[in-house]
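Since the structure comes first, as structure tokens, the remarks are kept for the end.
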Amino acid sequence: MKIRFLLGSVALAAMLMLSACGQDSATDQMPAEQNAATEMDATAPEATEAPLQVVDVTPDAEAEGDAMSAESVEMTPAAEGEAAAAPAAEGSSDAALAATAQLQNVAGEPVGTATFTEMQDGTVMISAQITGLESDIVGPHGIHIHQTGACTPDFDAAGGHFNPTQMQHGLDNPAGPHMGDLPNIQIDEAGNGAYEATTDLFTLSEGDRSLFDDDGAAIVIHAEADDQVTDPSGNSGARIACGVIVQSAP
Ligand code: ZN
């Protein structure tokens, strides 16, 4: 066992060295050697993905010429496949987009902040810090993106759930979901909640599912839990907090 382990370690070290060498030489002249090194690395148990992405992208960057330099190296494997077809489009989507919403309760008092960040793969990360919402509502609560960027004169101004694809409500609904549907937020005994979710249902950047359409969007917290199947709002009850989503610096 000990000998096998040692041999394995030596082999792994050799592969890693080969990989490192392959990265240098392949950049200049030998794409075939580079592919070989990449495949060997993929079988090594300790191999990590990160350096391979850089190695894979290098030939593309060369083929495209000097104009594609720093941005090409940053690309993820998903973006890489489209690089040859549409390098300009990929480049423009590299800019991170962000947005915030200041939530208020029905009395107009501030109850926390939600932030939205669109990642390079197009998914949007949502995080919210809710404070002092209400003291007797411990448990899960529906939280959704609503279709209109308004919380006044009352929270009905936010309209229904953001639903540009005309689906039914609920992340577990076979005929759903709305693009604005999200997992429940947990509120504690003090009326506080820390929330984080990632979605690929809507975007901040321009497009058919962008929150920043003509009338914007709002984020709303409801009085009850969202059952994630019942149309149109998961039986999540009254709207107890609302915030208009506005674009911000990333
Ligand atoms: Zn919904």
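The values are calculated or read from the model by the stated rules, or taken from the named source; none is laboratory data. None of the values given here were measured: they were computed from a predicted structure. Using ideal geometry, Cβ is built from the backbone for each residue, glycine included, and neighbour counts are taken over all protein chains shown. Surface accessibility is based on the protein's heavy atoms, side chains included, excluding ligands, DNA and RNA. Shrake-Rupley method; radii C 1.70, N 1.55, O 1.52, S 1.80 Å.
Residues are listed down the side, and each one gets a yes or a no for (1) open to solvent by 50 Å² or more (accessible area, probe 1.4 Å); (2) among the charged types (D, E, K, R); (3) modelled with pLDDT under 95; (4) within 18 Å of residue 209 (Cα to Cα):
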site: 101; (1), (2), (3), (4): no, no, no, no
site: 106; (1), (2), (3), (4): yes, no, no, no
site: 134; (1), (2), (3), (4): yes, yes, yes, no
site: 144; (1), (2), (3), (4): no, no, no, yes
site: 148; (1), (2), (3), (4): no, no, no, yes
site: 152; (1), (2), (3), (4): yes, no, no, no
site: 159; (1), (2), (3), (4): no, no, no, yes
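Residues in the stretch 164-191 that are open to solvent by less than 10 Å² (accessible area, probe 1.4 Å), out of contact with any Phe, Trp or Tyr (no Cβ under 7 Å at 6 or more places or on another chain), within 16 Å of the ligand (Cβ to nearest atom) and assigned to a loop (DSSP other than H, G, I, E, B): 169, 170, 182. Looking across the stretch 111-134, the residues that are closer than 15 Å to residue 184 by Cα and not hydrophobic (A, V, I, L, M, F, W, C) come down to 127, 129. Scanning the stretch 192-250 for residues that are more than 16 Å from the ligand (Cβ to nearest atom), closer than 13 Å to residue 147 by Cβ and in a loop (DSSP other than H, G, I, E, B) gives 212, 213, 214, 215, 216. Scan the stretch 108-118 and give yes if some residue there is in contact with a helix residue (DSSP H, G or I) (Cβ under 8 Å, 6 or more places away or on another chain), modelled with pLDDT of 50 or more, in the same structural domain as residue 145 (by TED's automatic domain parsing) and open to solvent by 30 Å² or more (accessible area, probe 1.4 Å), otherwise no. Looking for residues that are in contact with a helix residue (DSSP H, G or I) (Cβ under 8 Å, 6 or more places away or on another chain), modelled with pLDDT of 50 or more, in the same structural domain as residue 145 (by TED's automatic domain parsing) and open to solvent by 30 Å² or more (accessible area, probe 1.4 Å), one finds none in the stretch 108-118, hence no.
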